[in-house]
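I have placed the structure first, in the form of structure tokens, so that the comments after it can refer back to it.
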Amino acid sequence: MDKTNEFREKAERILDFIETYGVLKYAQLEKFFPDSRKNFDYLVKNKRLFKIEDGSYISTDLELRPDKTIIAALSVLGDVLSKVKMYSRAIPPAQVSFITYDGEYYEIIYVAHGMEAMITAAFDTQLAARKRNQTNEDNAKRMVIVEDKAQMQRLRIPGTMRFALVQPDGSLTYYKGS
């Protein structure tokens, strides 16, 4: 494959990724697409990507605004990316799901302050439905993002391997799950 086609294919993969997740931090893209600065610049120049807010976010649509849940979930995914075979948007309450090279299935879940009871109830309902239908046990491992350390004590989410606490600057601090 020649360099021009390779460049275009990479640009299309970048566009697909951003369309899937909406608005991303510009800095996050380097984790998912290393050495792609020229591709980003090309897409911005040709108005296929737009820098929004203060230029630290990027999207395919000028009208979209950052979603802190997806941005945090992608930060967690970016931190474990070397172990990830494939990933995608997830079915709520999860934001992102992925499979590791070892074949383990994970979900990344963002729990906003005040939503602990709702999220716990959702998992309790799923568990009760599985018992009634005698279906397979839930084998998902979960990484749960919280806004406040006290939330960790109020959550009962099966398979929680790790909690991630969102810091005021948007960075994450990790804690062992239950």
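Label-point separation (nm) for ASP102 and TYR175, each offset 7 Å from Cα along Cα-to-Cβ?
Output for this residue pair reads 2.3 nm.
Give me the angle, in degrees from 0 to 90, between the Cα long axis of helix 116-133 and the longest principal axis of the Cα atoms of the chain, rounded to the nearest 10.
Between the helix axis and the principal axis of the chain, the angle is about 70 degrees.
Excluding GLU116 itself, what net charge comes from residues whose Cβ is under 15 Å from its Cβ, given Lys and Arg +1 and Asp and Glu -1?
Numbers: positive: ARG142, LYS149, ARG154, ARG156; negative: ASP124, GLU147, ASP148.
Taking every Cβ under 15 Å from that of GLU116, the sum is +1.
Work out how far the C-alpha atoms of the stretch 1-51 reach from end to end along every principal axis, then list the three figures in whole Å, largest first.
31, 22, 18
Highest first, please rank the peptides 64-74, 7-17 by the mean number of other Cβ atoms sitting within 10 Å of their residues.
On the way: 64-74: 18.0, 7-17: 14.9.
Ranked by mean Cβ neighbours within 10 Å, highest first: 64-74, 7-17.
In Å², what does the accessible area per residue of the chain work out to with a 1.4 Å probe? Each step should come with its number before you reach the end.
Values: 10610 Å² over 178 residues.
The answer is 60 Å² per residue.
Which of rounded, prolate or oblate describes the stretch 14-113 when judged by the alpha-carbon gyration tensor and an a/c cut-off of 1.5?
Working: a/c = 2.30, a/b = 1.46, b/c = 1.57.
Oblate, because a/c is 1.5 or more while a/b does not exceed b/c.
With Cβ to Cβ distances under 14 Å as the rule, what net charge do the other residues near ARG65 carry (K, R +1; D, E -1)?
It works out to a net charge of -2.
Applying the Karplus parametrisation 6.51 cos²θ - 1.76 cosθ + 1.60 with θ = phi - 60° to the phi angles of the stretch 62-77, what ³J(HN,Hα) value in whole Hz is obtained for each residue in order, glycine and proline being reported as x?
Residue by residue, the stretch 62-77 yields 5, 7, 6, 10, x, 10, 4, 5, 5, 4, 5, 4, 5, 5, 4, 4 Hz.
Cα gyration tensor of the stretch 27-86, axes a ≥ b ≥ c as square roots of the eigenvalues: rounded (a/c below 1.5), prolate (a/b > b/c) or oblate?
oblate
List the aspartates and glutamates whose Cα lies under 19 Å from the Cα of LYS10, skipping any in the same chain that are fewer than 8 positions away.
Output for LYS10: ASP2, GLU19, GLU30, ASP35, ASP41.
Would you mind checking LYS3/LYS51; LYS47/LYS83; LYS25/LYS85 for any pair whose Cα atoms are more than 30 angstrom apart?
Numbers: LYS3/LYS51 26 Å; LYS47/LYS83 33 Å; LYS25/LYS85 22 Å.
Among LYS3/LYS51; LYS47/LYS83; LYS25/LYS85, the Cα-Cα distance tops 30 Å for LYS47/LYS83.
What does the charge count around PHE163 come to, taking other residues whose C-beta lies under 10 Å from its C-beta (Lys +1, Arg +1, Asp -1, Glu -1)?
My count for the surroundings of PHE163 gives +4.
Magnitude of the Cβ-charge dipole of the chain, K/R +1 and D/E -1, about the Cα centre, nearest 20 debye? Intermediate results must be reported in sequence, preceding the final value.
Details: 27 positive and 25 negative charges, 47 e Å.
The dipole magnitude comes to about 220 debye.
What is the gain in length, in nm to one decimal, between ILE91 and ARG8 on full extension, counting 0.36 nm per residue of separation less the C-alpha to C-alpha distance?
Numbers: separation 83, 0.36 × 83 = 29.88 nm, distance 3.06 nm.
Stretched out fully, the ILE91 to ARG8 stretch lengthens by 26.8 nm.
Do the sum for the chain: with -39,500 (n - 2.57) for every DSSP H run of n ≥ 4, divided by all residues, what is the mean residue ellipticity at 222 nm, to the nearest 500 deg cm²/dmol?
On the way: 6 runs with 70 residues, N = 178.
That comes out to -12000 deg cm²/dmol.
For a quick check, take a GNM of the chain with Cα springs below 10 Å and name the residue from LYS83, LYS141, LYS25 with the largest mean-square fluctuation.
Most flexible of the set in this elastic network: LYS83.
Mind checking Rg over Rh on the chain, alpha carbons, Kirkwood formula for Rh? Present the calculation step by step, with values, prior to reporting the outcome.
Working: Rg = 18.0 Å, Rh = 17.7 Å.
Using Cα coordinates only, the ratio equals 1.02.
The values are calculated or read from the model by the stated rules, or taken from the named source; none is laboratory data. Because the structure is predicted, anything quoted here is derived from the model rather than measured. Cβ coordinates were reconstructed from backbone atoms using ideal geometry, including for glycine residues, and neighbour counts include every protein chain displayed. Heavy atoms of the whole protein, side chains included, go into the accessibility calculation; ligands, DNA and RNA do not. Shrake-Rupley method; radii C 1.70, N 1.55, O 1.52, S 1.80 Å.
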